[in-house]
Amino acid sequence: MSYSHLSITERSQLAILHRMGWSTRAIATELKRHHSTIARELKRGHGVEEYQAETAHVAYEKRRERSISRSKWTAEREQYIAGKLAQTWSPEQIAGRMSQECPKQQVSFKTIYRWLYQGLLVKEDTAVLRYKGKRRGPVETRGRFNIGKSIQQRPKDVRKRQSFGHWELDTVVSSRGKSKACVATFAERKTRLYLAVKMPDRTSTSLEKAFGVVAASFPKGTFQTATVDRGKEFACYERLESAHDLAIYFADPYSSWQRGTNENANGLLREFFPKGIDFAEVSEEELAQALGLMNNRPRKYLGWKTAHESFMEALSHLACQSVM
């Protein structure tokens with residue numbers, strides 16, 4: 001049952017019963033209130049004279065006026081929050097990063113949601129909020145193969161995200177009836193960095209080339225393991241292991257949660273390129289812009305650092321190790 005303050009009627013009853021000599025507990029039982037509420041009210045209401053209902057109620061209203069906090073809504077907060085919403089940050093990400101960048105202006109993510117629904121931040125609607133919930137696509141029907149190392153053989157420190165350089169790979173395709181164009185996606189498990197490279201089709205040859213492009217962009221040691229599903233585009237796994245000195249592990253069938261980082265990031269990518277789109281018509285600039293927004297969102301898991309910041313720190317640490 002929610003708490004409510006004493007009304008003028010209850011204070012009048014309290015005053016009468018108190019004059020009649022009723023005890024605090026007896027009055028509380030009569031008014032259906034806790035005895036401590038009655039005791040505090042009598043203590044506050046006692047002055048030089050006996051407890052007076054009207055005087056006590058006026059004093060209560062003055063206390064209420066003084067207790068109302070000033071509004072948290074300011075132009076500075078509006079500018080900061082609106083700017084981050086435009087960068088596709090969630091209210092929780094905004095509040096988390098706000099606590100670090102401008103703690104004096106900090107508000108909770110619940111406050112940001114309230115301002116959104118009140119129309120204070122986004123004048124049109126709340127479409128700026130990213131989609132939340134599981135998307136259900138068509139059942140997988142493409143070919144698979146059953147060779148290669150099982151995820152059960154993967155080292156425990158990879159599963160626990162204790163070390164850097166362990167990735168999850170997948171492909172995101174165009175809608176059926178469109179071109180064969182797709183993107184190869186790469187998610188680093190510890191830092192959550194997410195990369196995507198356009199491919200003309202979903203073949204092992206295209207995947208091998210895409211992997212080479214990404215691996216060539218980073219120093220040695222950035223790719224130590226990769227966890228993938230058993231789609232036929234990964235039939236080139238032996239060539240990848242040999243060329244890039246890494247170990248590839250295959251997730252169990254129908255166990256997408258074993259590649260949860262990549263699966264989640266693929267869902268976020270779909271916010272920019274929803275099902276029905278043809279990746280052949282998506283420019284490199286559009287893809288890079290989407291990845292930039294995704295990798296520059298603060299993450300609660302990372303202490304409100306962005307994936308890009310965490311990845312660059314890991315690369316710096318890797319460079320220091322190689323010098324030693």
R192 being in a loop (DSSP other than H, G, I, E, B), within 24 Å of E285 (Cα to Cα) and at pLDDT below 95: no
Report whether or not V173 is modelled with pLDDT of 95 or more and in the same structural domain as S242 (by the TED database). no
Hey, can you tell me all the residues within the range 287-324 that are aromatic (F, W, Y) and under 16 Å from the mean Cα position of the chain (by Cα)? Y301, W304
When residues of the range 235-284 are limited to those that are part of a loop (DSSP other than H, G, I, E, B) and β-branched (V, I, T), the one nearest to K198 (Cα to Cα): V282
Can you pull out every residue in the range 212-230 that is in contact with a helix residue (DSSP H, G or I) (Cβ under 9 Å, 6 or more places away or on another chain) and either among the hydroxyl-bearing types (S, T, Y) or touching a residue at least 40 places away in the same chain (Cβ under 8 Å) (or both)? F218, P219, K220, G221, T222, F223, Q224, T225, A226, T227, V228, D229
Every residue from the range 218-234 that is closer than 15 Å to A187 by Cα, assigned to a loop (DSSP other than H, G, I, E, B) and of a type outside the set (D, E): F218, T222, F223, Q224
Among the residues in the range 227-242, are any buried (at least 18 other Cβ atoms within 10 Å of the Cβ), under 30 Å from the mean Cα position of the chain (by Cα) and under 23 Å from F311 (Cβ atoms)? yes
A184 - would you say it is buried (at least 16 other Cβ atoms within 10 Å of the Cβ), at pLDDT 90 or above, small (G, A, S) and in a strand (DSSP E or B)? yes
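The values are calculated or read from the model by the stated rules, or taken from the named source; none is laboratory data. On a predicted model such as this, the values are computed, not experimentally measured, just so you know. Quick reminder, even Gly has a Cβ in these numbers, built from the backbone with ideal geometry, and neighbours come from all protein chains shown.
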